[in-house]
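Read-outs: derived from the displayed coordinates by stated rules, not from any lab. Fair warning: this is a prediction, and the values are worked out from it, not measured in the lab. Neighbour counts run over all protein chains shown; Cβ positions are idealised from the backbone, glycine included.
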There are 2 protein chains.
Amino acid sequence: MNVISRTADAQKDSTANPPAHEVVYHQLRDLVLFGELAPGDAVTIQGLVQRLGAGMTPVREAIRRLIAEGALRFQGNRRVSVPTLTFDELSEIEFLRKTIESQLTERAAQRVTNADIDDLSRIDTALDAAILNGDVRGYLTCNYQFHMTLYARADAPILLGVAEQLWLRFGPSLRVVCGRFGTENLPDQHKELLTALRSADTDAATRAMVKDVVQGTDQIAQVLRETA
Amino acid sequence: MNVISRTADAQKDSTANPPAHEVVYHQLRDLVLFGELAPGDAVTIQGLVQRLGAGMTPVREAIRRLIAEGALRFQGNRRVSVPTLTFDELSEIEFLRKTIESQLTERAAQRVTNADIDDLSRIDTALDAAILNGDVRGYLTCNYQFHMTLYARADAPILLGVAEQLWLRFGPSLRVVCGRFGTENLPDQHKELLTALRSADTDAATRAMVKDVVQGTDQIAQVLRETA
DNA sequence: CTCGGAATAATTTGATCATATTCTACGCCG
DNA sequence: CGGCGTAGAATATGATCAAATTATTCCGAG
């Protein structure tokens with residue numbers, strides 16, 4: 001039957017080893033997203049070949065892909081680097097995040113189940129723990145996971161893709177923010193958001209999300225001001 | 001002096017031959033954007049190697065880049081194809097285009113010079129000629145050029161980049177629209193837009209742009225409805 | 001004699017290609 | 001109808017070529 005072959009395929013897919021360029025892409029993506037690479041850092045092919053123990057071709061493809069997504073910047077001469085945000089770019093990002101992520105929150109709020117909210121709660125608990133321990137990497141990953149888990153419920157792949165791209169753009173700067181302010185007073189409107197979700201208050205949820213976005217953007221802006 | 005060496009460099013840059021992967025990228029991009037490739041068409045590496053007379057590596061990179069931009073779709077098995085839009089995706093695109101392109105129009109309207117408006121006028125004239133002649137390719141390129149020339153004045157690189165990605169997503173479907181309706185009654189709120197720009201009426205300009213977006217989206221939706 | 005600057009040499013890195021390997025899909029045979 | 005083998009395309013590697021930045025050296029001026 002079709003069902004059997006489908007199951008066989010699914011099993012095969014889960015067992016399938018993902019292609020190298022995919023693996024390298026995700027590794028490099030996380031490096032950018034969680035601030036392992038600082039703004040302005042040079043990204044060389046051969047450096048990544050050694051760092052990740054991969055071949056040249058997969059590394060090349062991963063870099064191209066991340067350039068297309070705005071996570072890396074092609075400097076005209078053949079050099080590639082992690083972009084440094086300008087004020088103007090940051091305000092563009094703020095505008096886009098406010099419209100897109102509030103839309104994602106609105107749609108997600110209408111679709112979340114109790115199990116979803118419990119998942120989000122668990123992530124938020126881990127996030128709090130990371131803040132207490134001063135675990136910057138943990139904070140960044142949990143925060144990202146919290147937002148993306150919620151947005152995944154919005155059932156809007158294109159909006160989600162754009163949102164992911166925006167996060168890639170300010171990821172490196174966010175790491176700098178943590179280094180500057182410490183993990184104590186970082187934006188966390190998650191409690192407010194969770195209670196809004198539990199009471200199915202869509203408006204309150206989107207308001208909380210916008211607050212979270214603005215707060216995060218402001219902190220990055222402050223660091224930019226100091227650096228300049 | 002520094003000035004002299006800089007000028008020499010600039011001259012060298014203008015003469016510089018662009019790398020092959022860049023050339024292939026733009027060729028393939030135009031193929032998608034102007035509907036040379038229909039939705040659902042398979043995109044093979046070797047097919048492009050022959051069609052464009054390029055090497056494998058540049059073609060690979062161009063394809064990856066366009067996949068990252070949403071212009072092509074990776075089908076899980078190693079196949080790549082031109083995506084077919086769904087209704088849900090189309091409505092996401094409409095939402096994003098309305099917010100982003102109206103924002104771009106607003107910013108551009110505050111910055112355009114008379115020379116810019118004259119440029120836009122010229123493009124619009126060429127567009128009208130293409131419509132009269134039933135020149136689909138000419139219509140598509142002029143229409144794209146009209147919008148992007150305006151948006152370039154907005155001085156907002158990130159917004160512009162997202163807008164370009166969205167155009168890549170519905171480019172193939174737009175070609176189908178032309179094949180279905182002919183070029184006669186295609187969306188063209190450009191006259192209204194131009195007069196608004198001339199009188200520096202920002203609100204009227206953004207209203208005209210939103211109308212243009214909605215009209216285009218509706219026609220695609222109609223074709224999708226018929227195809228399904 | 002020392003210092004600054006420009007031209008050039010050397011090293012590093014990116015771009016491209018030819019080739020081997022692996023995986024998918026299709027067709028054939030049991 | 002299902003499993004196996006083959007064909008063909010995509011993936012990945014390493015070598016080779018080209019470009020750019022860096023380092024060095026040489027010359028002239030102070």
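Taking just the alpha-carbon atoms of the protein assembly as shown, what radius of gyration and Dmax come out, in angstrom?
In Å, with Rg to one decimal and Dmax whole: 23.4, 78.
Dipole size in debye (nearest 20) for chain A around its Cα centre, Lys and Arg Cβ +1, Asp and Glu Cβ -1?
720 debye
Any chance you could list the semi-axes, whole Å, largest first, of the equivalent ellipsoid that the Cα gyration tensor gives for the range B:145-208, using √(5λ)? Mind dumping the intermediate values first?
Working: eigenvalues 109, 68, 12 Å².
Rounded to whole Å, the semi-axes are 23, 19, 8.
Peptide B:144-156: average number of partner chain Cβ atoms within 10 Å per residue?
1
Pairs of lysine in the protein assembly as shown with Cα under 28 Å and at least 8 positions apart or on different chains: total?
Close lysine pairs under the 28 Å cut-off: 9.
What stretch of chain B, leaving out the sites themselves, is the longest with no trypsin sites (Lys or Arg not before Pro) in a DSSP loop having at most 15 other Cβ atoms within 10 Å?
In short, B:112-228.
So if I restrict to the alpha-carbon atoms in the range A:21-110, what is the Rg, and what is Dmax, the biggest pairwise distance, in Å?
15.4, 48
What are the semi-axes of the equivalent ellipsoid for the range B:82-228, taken as the square roots of 5 times the Cα gyration tensor eigenvalues, largest first, in whole Å?
Sorted largest first and rounded, they come to 24, 18, 12 Å.
Under a GNM of chain B (C-alpha, springs under 10 Å), which listed residue has the highest mean-square fluctuation: B:209, B:56, B:148?
B:56
Pairs of alpha-carbon atoms within less than 8 angstrom and 6+ residues apart define the contacts here; what relative contact order does the range B:87-227 have, in percent?
Values: 136 pairs, mean separation 53.8, N = 141.
Reported relative contact order: 38 percent.
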